[in-house]
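Inspection log for the structure reproduced underneath, given as structure tokens.
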Amino acid sequence: MFNNQAGYFRASQSLPPAGTAKKVDGGYIINARSPYQSGNPYATHAIVHVMLEGSPEGAPEFVHAMVTADQFSRIDDWGGERVLGMRASGSNSILIENQFVPESFVVDGNWLTVPEITTSPGWELHRNSIYLGVPQTFLMTELVSVMVGAARAAIDEYRDIITQRTTILPPQQLRSKDPQHQRELGTAIVKTDAAEAILLHVNEVYEERSRITAETGEPFTRAMDIEGFGMLIEAGDMVSQVIEMLFRSAGSSATRKGQRMQRYLRDVEMYRSHNVAQYGQMMQRIGMVDLGAALAIY
């Protein structure tokens, strides 16, 4: 795995089911067109989520399959003007056609239906408790940490704008002396601080629960995962509101091509479009779980 020209291992991964795996002697034949494989321009491998051919009708089985860089082609559907935001992330789709992977490069992919975790391939290999957790909170941590950083950057940019530009209507003064701009800056700072506090707290709880599972065998359950997942959705919504508010308040000059505030807004709207960032839908599902619905619905 590590014996490659790059001299290191780095794999992109995408969670949406994106193709098929056909069982053959010693492994599987993979066919997939997998979107949002973030980092694949720099990756040595790619992990795709594919359905097993021959799965029972109405109850498909999925696996995560890993292919090497020479087994996939990168589709030119990211960067530049192709997407609204996150243009530098390298989240191109990849195409895999009739590629063989050995059984050791394939693991179970039905994680959405697992009610609890007591072990995992990562734990068995590394004996590191961080691998013992239900994945949804971990996914939201990746997304929300980026958005908290974007909100911090937007605050810095907004502060520069209001300390250099004057109000339009008389009495003209620096915007930093205008109560409305002061209020919006203060709101942005407090909301971003609160979102970061939520993010750090959720990660501390996640780490502690993973440690307990490692030491005692007590399961890390999907109900525990939902708890952190929901708080992170709230944190993501808070910092999204911050960036949208600061963009509106920064003035029309901030909308011009190349302006930093415009970039932060584009990035946050990309986050808003993500399936797990659909606030109302996710909150409704969390409510269903609390009322006794199946834990695998989110």
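The values are calculated or read from the model by the stated rules, or taken from the named source; none is laboratory data. Treat the numbers as computed from the prediction; the structure is a model and nothing was measured. Positions of Cβ are generated from backbone atoms using ideal geometry, with glycine treated the same way; all protein chains shown enter the neighbour counts. Ligands, DNA and RNA are excluded from the accessible area calculation, which covers all protein heavy atoms including side chains. Shrake-Rupley method; radii C 1.70, N 1.55, O 1.52, S 1.80 Å.
Placing a pseudo-label 7 Å from each Cα along the Cα-to-Cβ vector at residue 166 and residue 204 gives an inter-label distance of 4.8 nm. Protein heavy-atom accessible surface, 1.4 Å probe, per residue over the chain: 53 Å².
For the stretch 1-112, the Kirkwood radius over C-alpha pairs fed into Stokes-Einstein at 37 °C and 0.692 mPa s yields D = 228 µm² per second. Pairs of Cα atoms nearer than 8 Å and 6+ residues apart set the relative contact order; for the chain it is 16 percent. Taking the DSSP bridge list for the stretch 6-150 and keeping only pairs wholly inside it, about 85 percent are antiparallel.
Taking label points 7 Å from Cα along the Cα-to-Cβ direction, residue 84 and residue 183 give a separation of 2.8 nm. Subtracting the Cα-Cα distance of residue 190 and residue 95 from 0.36 nm times their residue separation leaves 29.8 nm of extension gain.
Which helices, taking whole DSSP H runs in the chain, have alpha carbons extending 27 angstrom or more along the helix axis plus mean Kyte-Doolittle at least -1.0? Helices passing the filter in the chain: 135-162, 179-216, 222-249.
Taking the accessible area of the chain, probe 1.4 Å, and keeping the other protein chains in place, the carbon and sulfur fraction comes to 54%. Using C-alpha pairs below 8 Å separated by at least 6 residues, the relative contact order for the stretch 147-298 is 29 percent. Mind jotting down the distance between the C-alpha centroids of the stretch 227-283 and the stretch 25-56, whole Å? The stretch 25-56 and the stretch 227-283 have Cα centres separated by 30 Å. Taken about its Cα centre, the chain carries a charge dipole of roughly 1400 debye when the Cβ of each Lys and Arg holds +1 and the Cβ of each Asp and Glu holds -1.
Relative contact order for the stretch 1-135: 24 percent, from Cα pairs under 8 Å spaced at least 6 residues apart, divided by residue count.
Available extension along the chain between residue 139 and residue 57 is 26.6 nm, counting 0.36 nm per residue and deducting the alpha carbon span.
Computed from the Kirkwood radius of its Cα pairs, the Stokes-Einstein diffusion coefficient for the stretch 145-271 at 20 °C and 1.002 mPa s stands at 132 µm²/s. Considering every alpha-carbon pair of the stretch 94-219, the percent of pairs per 5 Å bin, from zero through the bin containing the longest distance, is 2, 9, 13, 12, 11, 10, 9, 8, 7, 6, 5, 4, 2, 1, 0. Applying the criteria of a DSSP loop state and at most 13 other Cβ atoms within 10 Å to the GluC sites (Glu not before Pro) of the stretch 79-115 yields 81. Kirkwood radius and radius of gyration were both taken over the C-alpha atoms of the chain, and their ratio Rg/Rh is 1.03. Only aspartates and glutamates eight or more places from residue 177 in sequence, or on another chain, were considered; those with a Cα closer than 16 Å are 160. Residue ranges 14-23, 50-59, 159-168 sort as 14-23, 159-168, 50-59 when ordered by packing (mean number of other C-beta atoms within 10 Å per residue, highest first). Gain on full extension, evaluated as 0.36 nm per residue between residue 116 and residue 212 minus their Cα-Cα distance, stands at 33.2 nm. Exposure check, 1.4 Å probe, all protein chains in place: residue 256 carries approximately 150 Å² of accessible surface. When the charge dipole of the chain is built from unit charges on Cβ atoms (+1 for Lys and Arg, -1 for Asp and Glu) and taken about the Cα centre, the candidate among 161, 223, 111 whose Cα reaches farthest toward its positive end is 161. Heavy-atom accessible area, probed at 1.4 angstrom with all protein chains present, ranks 28, 131, 158 as 131, 28, 158, highest first. Here each label is just a point 7 Å from Cα along the line to Cβ, and for residue 293 and residue 76 those points are 4.4 nm apart. Taking all protein chains as they are arranged and a probe of 1.4 Å, the heavy atoms of residue 148 leave approximately 10 Å² accessible to solvent.
Only protein heavy atoms count here; under a 1.4 Å probe, residue 270 has an accessible surface of about 40 Å².
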